[in-house]
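Student: First the structure, then my questions, so here it is.
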């Protein structure tokens with residue numbers, strides 16, 4: 001039975017394994033916050049869990065590495081991937097993969113198994129297919145509840161926008177490229193990074209983020225125009241109860257990938 005390493009034992013990892021009751025694999029876990037590890041271990045007393053002291057220890061000990069932590073954690077994992085080829089890597093913080101995109105592509109060419117779950121959007125299989133054609137544009141329009149966006153670094157830098165969103169029902173808070181979107185909304189716009197990585201065309205991805213005071217769900221509309229035709233998808237996702245910034249579907253997509261290998 002394959003061993004599973006978990007980097008980041010917070011809300012997302014907890015949600016994944018709360019759903020995955022049938023996964024009996026031995027777990028090697030690490031989190032920069034020891035309290036998160038303690039909570040995770042107490043939550044899943046019925047599982048065999050080994051606490052690790054570093055990310056490299058998790059990688060070294062595990063057959064499958066599941067990252068559910070942060071862009072910073074992805075940076076750290078990529079320092080070690082080349083030394084541990086015969087592993088399966090699953091990344092949820094896809095902004096970190098985009099940040100290391102050249103290295104990611106090089107590792108994929110060399111046969112490393114690095115998986116990107118579809119996250120909170122649909123149609124990634126079609127998007128992966130059209131990367132072999134000429135892609136004209138990839139447009140993402142994301143509408144999220146204001147309360148899940150308001151804590152983003154972007155609002156600290158734009159006081160006028162902060163005051164504006166508090167007064168209006170709906171406000172366009174960002175329009176630009178995928179790199180700036182991920183930089184300014186690192187915990188809110190992972191789907192933009194997913195589109196960039198899966199399409200293999202980050203420079204084609206344009207992002208519009210809208211804050212809605214009354215909205216309860218997360219809405220993502222993706223429009224892809226290529227020489228193969230036009231793709232349009234819309235997902236209306238229920239936020240995770242424990243982490244409203246993340247869609248429930250994102251955790252399910254990670255579990256779907258994990259189930260392919262356990």
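Matching residues to (1) more than 25 Å from residue 13 (Cβ to Cβ); (2) at pLDDT 95 or above; (3) within 14 Å of the chain's Cα centre (by Cα):
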| site | (1), (2), (3) |
| --- | --- |
| 99 | no, yes, yes |
| 102 | yes, yes, no |
| 112 | no, yes, no |
| 115 | no, yes, yes |
| 125 | yes, yes, no |
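Student: Can you tell me which residue in the stretch 230-252 is nearest to residue 146 (Cα to Cα), limited to those that are assigned to a strand (DSSP E or B) and touching a residue at least 12 places away in the same chain (Cβ under 8 Å)? Give the derivation first.
Tutor: As a first pass, look at the stretch 230-252 and keep what is assigned to a strand (DSSP E or B): 230-237, 239, 247.
Okay, now just the ones that are also touching a residue at least 12 places away in the same chain (Cβ under 8 Å), so 231, 233-237, 239, 247.
On the way: 231: 28, 233: 23, 234: 19, 235: 18, 236: 16, 237: 15, 239: 13, 247: 15 Å.
Step by step, filter the stretch 230-252, then rank; the result is 239.
Student: Further question on the same structure: Please go through (1) under 29 Å from residue 199 (Cβ atoms); (2) assigned to a helix (DSSP H, G or I) for residue 18 and return the number of the only condition it doesn't satisfy.
Tutor: Residue 18 satisfies all of (1) under 29 Å from residue 199 (Cβ atoms); (2) assigned to a helix (DSSP H, G or I) except (1).
Student: Let me confirm something: among 211, 196, which residue is touching a helix residue (DSSP H, G or I) at 6+ places or on another chain (Cβ under 6 Å), over 26 Å from residue 36 (Cβ atoms) and assigned to a strand (DSSP E or B)? So that I can check it myself, show each step before the final result.
Tutor: Details: 196 fails: assigned to a strand (DSSP E or B).
Sole residue among the options that is touching a helix residue (DSSP H, G or I) at 6+ places or on another chain (Cβ under 6 Å), over 26 Å from residue 36 (Cβ atoms) and assigned to a strand (DSSP E or B): 211.
Student: Still on this structure, please answer the following. Residues of the stretch 129-176 being surrounded by 13 or more Cβ atoms within 10 Å (Cβ to Cβ), free of Cβ contacts under 8 Å to residues at least 60 places away in the same chain and part of a helix (DSSP H, G or I), which ones?
Tutor: Scanning the stretch 129-176 gives 154, 155, 161, 162, 164, 165.
Student: I'd like the full set of residues that are assigned to a loop (DSSP other than H, G, I, E, B) and more than 18 Å from residue 127 (Cβ to Cβ), limited to the stretch 214-229. Write out each step before concluding.
Tutor: The initial filter retains those residues of the stretch 214-229 that are assigned to a loop (DSSP other than H, G, I, E, B), namely 214-217, 227-228.
Passing the criteria: 214, 215, 216, 217.
Student: Taking the conditions exactly as written (modelled with pLDDT under 95, surrounded by fewer than 18 Cβ atoms within 10 Å (Cβ to Cβ) and within 15 Å of residue 257 (Cα to Cα)), does residue 19 satisfy them or not?
Tutor: Numbers: modelled with pLDDT under 95: yes; surrounded by fewer than 18 Cβ atoms within 10 Å (Cβ to Cβ): yes; within 15 Å of residue 257 (Cα to Cα): yes.
Considered against the rule, which asks whether it is modelled with pLDDT under 95, surrounded by fewer than 18 Cβ atoms within 10 Å (Cβ to Cβ) and within 15 Å of residue 257 (Cα to Cα), residue 19 comes out as yes.
The values are calculated or read from the model by the stated rules, or taken from the named source; none is laboratory data. Remember, it's a predicted structure, so these values are computed and weren't measured experimentally. Heads up, the Cβs are rebuilt from the backbone with ideal geometry, glycines too, and the neighbour counts pull from every protein chain shown.
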